[in-house]
Amino acid sequence: MLSAIDPLAVVRSAPQAALRGVLPVALPRPWRVPVQRGALAAQRLAWLGVLGALLLLAPPVQAQDAQAAPLKAESPYFFVQGAQPGVEALPLKRTDVHAHVSGVIADVVVTQHYRNEGQVPIEARYIFPGGTHAAVNGMVVRVGKRRVVAQIREKQAARIEYDAARREGKTAALLEQHRPNVFQMQVANILPGDEVDVELRYNELLVPTDGQYQFVFPTVVGPRYAPPRSAASHAALPPEGALAALGRPGGGSTAPERSPADTSGGQPTPSGGAFPAQPVLHAGQPSPAGFTMQVDIDSPLAIHALASSSHAIDTQVGGDDGRHARVQLARDATRGAANADNRDFILGWRLAGDAIQSGVLLQRGEKENFFLAMVQPPRSVAPAQIAPRDYIFVVDISGSMHGFPLDTAKALMRQLLGNLRPSDRFNVLLFAGSNRMLSPQSVPATPANVNAAIRTIEQMGGSGSTELLPALRRVYAEPKTPDLSRTVVVVTDGYVTVEDEAFALVRGHLGQANLFAFGIGSSVNRHLMEGLARAGMGEPFVITRPDEAKAQAERFRKLIESPVLTSVQARFEGLDVYDVEPPQLPDVLAERPVIVFGKWRAPAAGRHGQPRLVVEGQGAGGPYRQELPVDVQAAAGQDEPALRFLWARHRIASLSDQEALTGGDAQKAAITRLGLDYSLLTQYTSFIAVDQVVRNPGGQGATSNQPSPMPEGVTDRAVGDASALGAAVASTPEPETWAAMLVVLAVLGAQLARRRQRRSYTA
């Protein structure tokens, strides 16, 4: 270990030791001069070796803050069966998912079945994923014939209530949010022989892109790398004028420096919080828990091209009009029901004529009325002239990317670089525990430069930790040509816990560059990818297989060439609306609908004219305007209760973005109030259900942490390298490797000089 080496002791002792090793205690005077010369040469060689080792032993990225106490990060760890004799180690037996998609809104019910087959009462803990836009609004717990409806509480209050129920011996369940897409379930006092069902309900809006609808259900949380606090807040940035050294082995490390726009300070924010320790199974080991999936689709138009890119499925299309469909996992299929919970379930379809469901949905409530407007943008048009751009590709080559994910990333990079025009400029930053640029500065995208970059990337192997923040800081520290717009492209699986800090960093540098995020793998951290793209005013992409790289690279090229709609504005005429989300509409980069949430009041009696929504903007072909009628009288007939949850979830996401930008918990009160008022799971609110029957007096028992399968295509390096803090970029030898090589050379040189001296002595 590097920490066990005392460089000063090595400096003091190594040259003298080398001299002692080659200089005899007593020699005849005629032999002493040549032998001393050889000894001095060996000493110089030893000195050079030690000095080189000192230079390379400097930590590549980790610069410890003398005033900041190190924070031990929770790390993923491999699950060991039978660690507690007599304790049920795998209480989660099955997860059943039933999704009903009506138009553009998905109503999803997830039922987790727990059973204690051990000999002592247990508390089951399970970390599981959710959709990034899921509005979790209900939980029910069933213990035998008893049914307990969960209540929403402030997070700390829910935790106190749960702990009290656990100690009292009551069966209780607590659902907490660690990230918008990562949840933790805890079920206390499951007695031997007990069966407990926990039912979660959430809603999600399905927004089509390029006419393609997609329902995604994440099944597994990939192991997350959590850097210590000092690593998150003090990452290495290259000093001005030192760019030429960054391509050398071990380069890229300087004294700690904080980016001026890093307002979060690198500390875990309340909305992010600490990530819990997570047990995982070894790569390729199937999950002991069963998994079922059923999706029912009711569409206003005929359903076309219904298919799953992730699983083998059985489909049934009902009715003569083809507007209804049922999808289930295929039985006895390699990528169907067997081993189905180690990757995202992805289901896609189109509607007849590639139409999307434009219009305004209304909901009448007891206290508030809600609306959802979805407006189809114009078709993308290739511009006649495209200005040159400067691209920096930030490519993750850490341990979790080893194998299939990195192979997919390489296929993507071949396509992305191959699509550049000679007038563009580009550079590539590779990062793991440390980072380095392939070139001191951006270079023209000539065939020779592109091919050289591709050849270098092809040689990469995945290992080391995932220091995303230092990589992003270094990118934003790079000088750029004033007359070129810069685009940052991040390619990673997203298995990190510093989402909020990354969002704040990207948004703080929005004036320097926009950002596009490519998520690689079967179970991508979509929260990170979507948040980075949202903060950088770009678009997220998810690539689950190498054969998808070409199509996604082409889509990226089209987005970069020209936005579909800019200067977008939406207004209602004849209808009083308020609390509209988002307050300002972003540019539309893809053929994705303009989405507007909000609340409305009934128009005054006697008002003439039908209310309408007007959307205006600037398209590639000129000014754009679209009007949609709003039928308030028919609101009762199209009542959609999910709208209140979706509106509140979108408002919470907006407040969370603001909180991530400013740091601290400035929006805690507002987010907590929304969670309590609309019965939503948030970073500050939790669901708690307590069965009031005391079933385990004293609350004694064991804890079982349910393991998750390793995501498909991810190797054990994702966990084995997780604690390798500061591991250097895998494409170059590690600093300790270089040091060891130099020390070996010094020793060999000393031995060679000694042998020559002996031969001279015997002669």
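The values are calculated or read from the model by the stated rules, or taken from the named source; none is laboratory data. None of the values given here were measured: they were computed from a predicted structure. Positions of Cβ are backbone-derived with ideal geometry, glycine not excepted, and every protein chain shown enters the neighbour counts. Surface accessibility is based on the protein's heavy atoms, side chains included, excluding ligands, DNA and RNA. Shrake-Rupley method; radii C 1.70, N 1.55, O 1.52, S 1.80 Å.
Are any residues in region 182-204 under 21 Å from the mean Cα position of the chain (by Cα) and surrounded by fewer than 21 Cβ atoms within 10 Å (Cβ to Cβ), and if so, which ones? Across region 182-204, the qualifying residue is only Q184.
The set of residues in region 111-145 being of a type in the set (V, I, T), open to solvent by 10 Å² or more (accessible area, probe 1.4 Å) and within 23 Å of P709 (Cα to Cα) consists of T111, I127, T132. In region 293-305, the residue that is farthest from A330 (Cα to Cα) out of those that are at pLDDT 95 or above and of a type outside the set (D, E) is I297. With respect to the conditions (1) in a helix (DSSP H, G or I); (2) open to solvent by 10 Å² or more (accessible area, probe 1.4 Å); (3) aliphatic (A, V, I, L, M), I152 lacks only one, and its number is (1). Considering only residues in region 582-595 that are open to solvent by less than 60 Å² (accessible area, probe 1.4 Å), of a type outside the set (G, A, S) and farther than 15 Å from H650 by Cβ, the one that is modelled with the highest pLDDT turns out to be V588. Residue check: is Q552 under 30 Å from L406 (Cβ atoms), outside any strand (DSSP E or B) and polar (S, T, N, Q)? Yes; evaluated as a whole, the condition is true for this residue. Count of region 535-581 residues, restricted to those that are over 30 Å from A602 (Cβ atoms), open to solvent by less than 50 Å² (accessible area, probe 1.4 Å) and either touching a His at 6+ places or on another chain (Cβ under 9 Å) or of a type in the set (A, V, I, L, M) (or both), is 10.
Here D354 does not fit the description of being closer than 29 Å to R717 by Cβ and touching a residue at least 60 places away in the same chain (Cβ under 8 Å). If only residues of region 307-332 that are surrounded by fewer than 20 Cβ atoms within 10 Å (Cβ to Cβ), among the hydrophobic types (A, V, I, L, M, F, W, C) and assigned to a strand (DSSP E or B) are counted, the one that is nearest to the chain's Cα centre (by Cα) is A307.
Between D500, D483, the distinction of being in contact with a Pro (Cβ under 8 Å, 6 or more places away or on another chain) and of a type in the set (D, E) belongs to D500 only.
For R425, are the conditions met, namely being touching a Ser or Thr at 6+ places or on another chain (Cβ under 6 Å) and either open to solvent by less than 50 Å² (accessible area, probe 1.4 Å) or among the small types (G, A, S) (or both)? The answer is no for R425. Does L655 satisfy the criteria of being out of contact with any strand residue (DSSP E or B) (no Cβ under 8 Å at 6 or more places or on another chain), open to solvent by 40 Å² or more (accessible area, probe 1.4 Å), modelled with pLDDT under 95 and not in a loop (DSSP other than H, G, I, E, B)? So L655 fails the test. When the residues of region 284-306 are narrowed to those that are more than 18 Å from R350 (Cβ to Cβ) and among the small types (G, A, S), which ends up surrounded by the fewest Cβ atoms within 10 Å (Cβ to Cβ)? By that ranking, first place goes to G284. Scanning region 440-467 for residues that are hydroxyl-bearing (S, T, Y) and surrounded by 19 or more Cβ atoms within 10 Å (Cβ to Cβ) gives S442, S463, S465, T466.
Quick test for you: out of V97, V80, V104, pick the one residue that is without any contact (Cβ under 8 Å) to a residue 40 or more places away in the chain and out of contact with any Cys (no Cβ under 6 Å at 6 or more places or on another chain). Walk me through how you get there before you give the answer.
Working: V97 fails: without any contact (Cβ under 8 Å) to a residue 40 or more places away in the chain; V104 fails: without any contact (Cβ under 8 Å) to a residue 40 or more places away in the chain.
Of the residues listed, the single one that is without any contact (Cβ under 8 Å) to a residue 40 or more places away in the chain and out of contact with any Cys (no Cβ under 6 Å at 6 or more places or on another chain) is V80.
If only residues of region 658-692 that are open to solvent by 70 Å² or more (accessible area, probe 1.4 Å) and among the aliphatic types (A, V, I, L, M) are counted, the one that is farthest from T171 (Cα to Cα) is A666. Take S485 and tell me if it is out of contact with any helix residue (DSSP H, G or I) (no Cβ under 9 Å at 6 or more places or on another chain) and open to solvent by less than 20 Å² (accessible area, probe 1.4 Å). Judged against the criteria, S485 is not a match. Just one of (1) modelled with pLDDT of 95 or more; (2) within 30 Å of S309 (Cβ to Cβ) fails for N427. It is (2).
Selection of strands (runs of 3 or more DSSP E) fully inside region 469-544 by the criterion of at least 1 residues being small (G, A, S) returns 485-492, 513-520.
Residue pairs whose Cβ atoms lie under 9 Å apart, separated by 6 or more positions or on different chains, with the first residue in region 475-496 and under 19 Å from A533 (Cα atoms) and the second among the hydroxyl-bearing types (S, T, Y) and assigned to a strand (DSSP E or B), are R486/Y391; T487/Y391; V488/Y391; V489/Y391; Y495/Y225; V496/Y225.
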